[in-house]
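Just below is one structure, and these are the notes that go with it.
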Amino acid sequence: MAEERKSLIKKIGSTAAMNELMAEYFKELDQAANTHSAKVAWCTSVGPAELLRAFGFGVYFPENHGAMLGTSRLAPDLIPAANAVGYSPDICSYCTSDVGSYLQKNTPLTKAFGIKTVPRPDVLVYNTNQCRDVQDWFSFYQREFDVPLIGVETPRSVGEVKSEQVQDIVVQLKGLIPALEQVSSQKFDIDRLREVVASSYRCTLGWKKVLRAAENVPSPITFFDGTIHMGPAVVLRGDDRAIGYYETLHAELQQRIEQNNGAVDGEKLRFFWEGMPVWGKLRAHAELFAENRACVVASTYCNSWIFEPLAEPDPFLGMARAYTELFIVRSEAYKERYLEGMARDYRIDGFIYHDAKTCPNNSNNRYGLPGRLAQKLELPYVVFNGDLNDLRLYSEEQARTQFEALIEQVS
Amino acid sequence: MSNASSDSPPVFFCGVDVGASATKVVLLDGGGDIAGSDVRLSGVDYQETAEQALAEALAGAGLAREQVERTVATGYGRRNVGFADEVSTEIQCHGVGCYHWAQRAITVVDIGGQDNKVIRLAADGKRLDFKMNRKCAAGTGAFIEEIALRLALPLEQMEELAASTQRAVKLSSFCTVFAKTEILSHLRAGVPVAEIVRGAFLSVVQRVIEMDPLGGDVVLTGGVVAHNPTVGALLGERIGRPVIVPPQPQLTGALGAALIARRAV
Ligand code: SF4
């Protein structure tokens with residue numbers, strides 16, 4: 001029983017193109033930082049990336065670096081360095097692993113792309129729509145690099161997004177312009193912003209098509225694939241290369257659909273993943289579900305990079321709405337309705353909730369939601385304790401037992 | 001059910017539950033009655049322990065290895081049982097094992113060496129849902145072991161002490177390490193050891209109550225109640241009705257596994 005098994009993960013052919021694109025992106029950033037050919041802005045993952053691109057900044061996303069620290073499993077070794085200088089093990093482990101990476105001068109970019117250090121920022125730009133941690137995280141770098149820290153403060157737990165709230169964000173976004181003009185030495189150009197926002201919107205449509213392909217039975221893509229292939233939607237939105245990539249990827253998925261070739265052979269069960277991935281365990285989790293002919297078909301996480309309001313004719317209004325109408329910003333009641341819709345659209349057999357110790361913002365199991373939804377939809381669920389990056393907070397055996405027990409229950 | 005002819009020896013079904021603390025084996029005959037069993041510490045070599053437990057159970061029942069038709073392994077070490085035909089989770093096996101005794105809708109509470117489970121079963125035995133405790137020793141057998149160590153008591157004496165008094169100190173900390181510090185302050189204040197031990201048992205019960213509303217008939221299994229019946233009595237007191245403890249509660253997981261093995265043939 002204990003012998004090594006052949007991997008059951010089906011490779012997506014487009015991955016090579018994505019890797020190339022990501023390498024290009026990082027190399028351009030590295031060059032910009034080293035040669036000063038362009039200014040570098042650090043941006044939170046759902047921050048105003050379009051505005052920064054419109055100024056010609058190379059945009060770097062520390063959260064993406066955080067995820068790389070997770071997948072490379074460097075995080076558990078680096079987090080203690082951040083803990084030691086006062087960043088608690090209970091706060092965002094993207095933040096602590098990233099700060100640890102900086103302190104220990106150890107980045108996965110070196111192994112992956114031959115890049116020595118993360119690109120030095122000229123400005124740090126956040127949006128607190130996802131959490132307060134990003135602001136405190138970026139403050140660390142403000143002190144280290146002595147560069148401006150600017151951002152947008154978004155209300156949280158929003159039910160219906162009201163026009164006053166959106167207007168406030170519009171004002172805040174416009175308020176970033178003077179500082180960005182100063183750092184970039186460029187005048188703000190509304191036409192350029194329109195172009196970038198339009199490109200970002202097309203990227204959203206492409207990414208959405210990819211995720212929606214999973215409505216097909218069998219699904220041509222798993223959540224675990226999605227967490228990897230969302231890279232361009234996160235770091236290259238507003239850059240046409242991301243659009244091209246999702247066309248390529250979608251064509252491949254479409255072909256799988258036509259050939260009835262599911263991402264999981266013999267797909268029998270379909271699950272929804274609520275919360276963040278455990279980055280250091282992506283492969284193990286993907287294998288476990290595949291072994292059991294179960295496909296995790298959809299997630300709140302991957303869907304968080306769909307920004308449909310960017311279609312607004314006014315790019316500021318589009319950005320303000322897109323970054324405020326996000327799942328993570330919304331109230332419990334909204335989230336419940338959203339998950340209900342997902343369960344229906346993706347024809348799922350059950351929910352998996354990841355209670356990530358260091359990210360309450362992405363752990364939606366904590367106010368009784370799983371029980372309420374299970375009762376309403378008559379779908380089973382499991383809540384497992386873990387973390388996005390800090391594997392010290394994760395028990396492999398417990399998680400495995402819980403996943404398998406859920407599978408047994410619906411089989 | 002089995003393909004045994006009248007002159008071939010009768011066949012048996014084996015369930016192996018390799019838990020974090022103890023390994024349990026149950027042998028069932030074709031009629032579903034327990035023919036043999038064994039319980040031993042899991043140690044570090046799960047495969048070897050499972051082999052020994054099976055050999056001992058077979059010897060006790062006077063059976064030969066060849067008579068075992070099918071084996072299902074469960075527990076944390078379920079994948080280390082080389083002779084198993086199939087694996088099943090502890091959640092499944094405890095559910096099946098408890099339902100075997102209860103035959104009605106029940107809420108199973110399993111307090112194991114390293115984790116707790118609450119499993120709700122419908123009247124037909126189908127699992128409705130389940131929960132596992134958060135990854136922490138609090139509320140598990142490991143907590144009682146830690147407290148015994150702190151009080152320099154052999155584990156076997158814990159039950160006797162807890163049962164010897166009706167008074168219990170309140171240990172309010174979630175954390176085993178903090179609870180041990182709390183114990184120190186109780187000791188300094190001269191609280192009798194028995195009251196501290198009963199307090200530790202109550203703390204285990206409290207952690208279980210925090211997991212689920214525990215509706216309907218509650219069946220309590222696992223090594224902790226097998227060795228410490230007072231835990232069952234205290235849980236009954238807290239939920240306001242007696243809990244049901246099946247015969248040999250430490251064996252329920254292995255029994256469930258054996259029943260699953262028997263069903264598969
Ligand atoms: S949302 Fe969670 S994981 Fe993301 S930056 Fe904030 S705390 Fe960290």
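Matching residues to (1) in contact with a Leu (Cβ under 9 Å, 6 or more places away or on another chain); (2) under 25 Å from B:M132 (Cβ atoms); (3) at pLDDT 95 or above:
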site: B:E145; (1), (2), (3): yes, yes, no
site: B:R150; (1), (2), (3): yes, no, no
site: B:L153; (1), (2), (3): yes, no, no
site: B:R167; (1), (2), (3): no, no, yes
site: B:L187; (1), (2), (3): yes, no, no
site: B:V204; (1), (2), (3): yes, yes, no
site: B:I209; (1), (2), (3): yes, yes, no
site: B:D217; (1), (2), (3): no, yes, yes
site: B:H227; (1), (2), (3): yes, yes, no
**Prompt:** Has the range A:198-207 got at least one residue that is open to solvent by 10 Å² or more (accessible area, probe 1.4 Å), under 24 Å from A:R344 (Cα atoms) and either at pLDDT 95 or above or not assigned by TED's automatic domain parsing to the domain that holds A:H65 (or both)?
**Reply:** yes
**Request:** Could you tell me whether the range A:124-134 includes any residue that is assigned by TED's automatic domain parsing to the domain that holds A:A49, surrounded by 21 or more Cβ atoms within 10 Å (Cβ to Cβ) and over 18 Å from the mean Cα position of the chain (by Cα)?
**Result:** yes
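Looking at the structure I just gave you, is A:F140 within 16 Å of the ligand (Cβ to nearest atom), surrounded by 17 or more Cβ atoms within 10 Å (Cβ to Cβ) and touching a residue at least 40 places away in the same chain (Cβ under 8 Å)?
When the stated conditions are applied, A:F140 passes them.
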**Selection within the range B:45-102 - within 11 Å of chain A (Cβ to nearest Cβ), aromatic (F, W, Y) and open to solvent by 50 Å² or more (accessible area, probe 1.4 Å)** = B:Y46
**Request:** From (1) out of contact with any helix residue (DSSP H, G or I) (no Cβ under 6 Å at 6 or more places or on another chain); (2) open to solvent by 20 Å² or more (accessible area, probe 1.4 Å); (3) not basic (K, R), pick out the condition that doesn't hold for A:L29.
**Result:** (2)
**Message:** With the structure loaded, tell me whether A:M68 is more than 16 Å from the ligand (Cβ to nearest atom), under 21 Å from A:F223 (Cα atoms) and part of a helix (DSSP H, G or I) or whether it fails that test.
**Reply:** no
**Request:** Please enumerate the residues belonging to the range A:372-411 that are more than 8 Å from every other protein chain (Cβ to nearest Cβ), acidic (D, E) and buried (at least 19 other Cβ atoms within 10 Å of the Cβ).
**Result:** A:D387, A:D390
**Prompt:** Can you pull out the residues in the range A:112-128 that are within 22 Å of A:F55 (Cα to Cα) and either near the ligand (Cβ under 10 Å from one of its atoms) or free of Cβ contacts under 8 Å to residues at least 12 places away in the same chain (or both)?
**Reply:** A:Y126, A:T128
**Prompt:** Quick one: what pairs do we get from the range A:57-69, first residue farther than 11 Å from A:T44 by Cα, second in a strand (DSSP E or B) and away from the ligand (no atom under 11 Å from the Cβ), C-beta under 6 Å, 6+ apart or different chains?
**Reply:** A:F57/A:A41; A:G58/A:V40
**Request:** May I ask you to list the residues in the range A:350-365 that are away from the ligand (no atom under 13 Å from the Cβ) and open to solvent by 50 Å² or more (accessible area, probe 1.4 Å)?
**Result:** none
**Request:** Looking at (1) open to solvent by less than 40 Å² (accessible area, probe 1.4 Å); (2) within 17 Å of the chain's Cα centre (by Cα); (3) more than 14 Å from every other protein chain (Cβ to nearest Cβ), find the lone condition where B:I183 falls short.
**Result:** (2)
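Residues are listed down the side, and each one gets a yes or a no for (1) at pLDDT below 95; (2) small (G, A, S); (3) touching a Cys at 6+ places or on another chain (Cβ under 6 Å); (4) buried (at least 21 other Cβ atoms within 10 Å of the Cβ):
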site	(1), (2), (3), (4)
A:Y60	no, no, no, yes
A:A67	no, yes, no, yes
A:S72	no, yes, no, no
A:D77	no, no, no, no
A:G86	no, yes, no, no
A:Y94	no, no, no, yes
A:S97	no, yes, no, yes
A:T107	no, no, no, yes
**Message:** Given the condition within 13 Å of another protein chain (Cβ to nearest Cβ), surrounded by fewer than 21 Cβ atoms within 10 Å (Cβ to Cβ) and within 15 Å of the ligand (Cβ to nearest atom), answer yes or no: does some residue in the range A:323-330 qualify?
**Reply:** no
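The values are calculated or read from the model by the stated rules, or taken from the named source; none is laboratory data. Please read these numbers as outputs of a predicted model, since none were measured by experiment. Using ideal geometry, Cβ is built from the backbone for each residue, glycine included, and neighbour counts are taken over all protein chains shown. Each accessible area value is taken on the protein alone, full model and side chains, heavy atoms only, with ligands, DNA and RNA left out. Shrake-Rupley method; radii C 1.70, N 1.55, O 1.52, S 1.80 Å.
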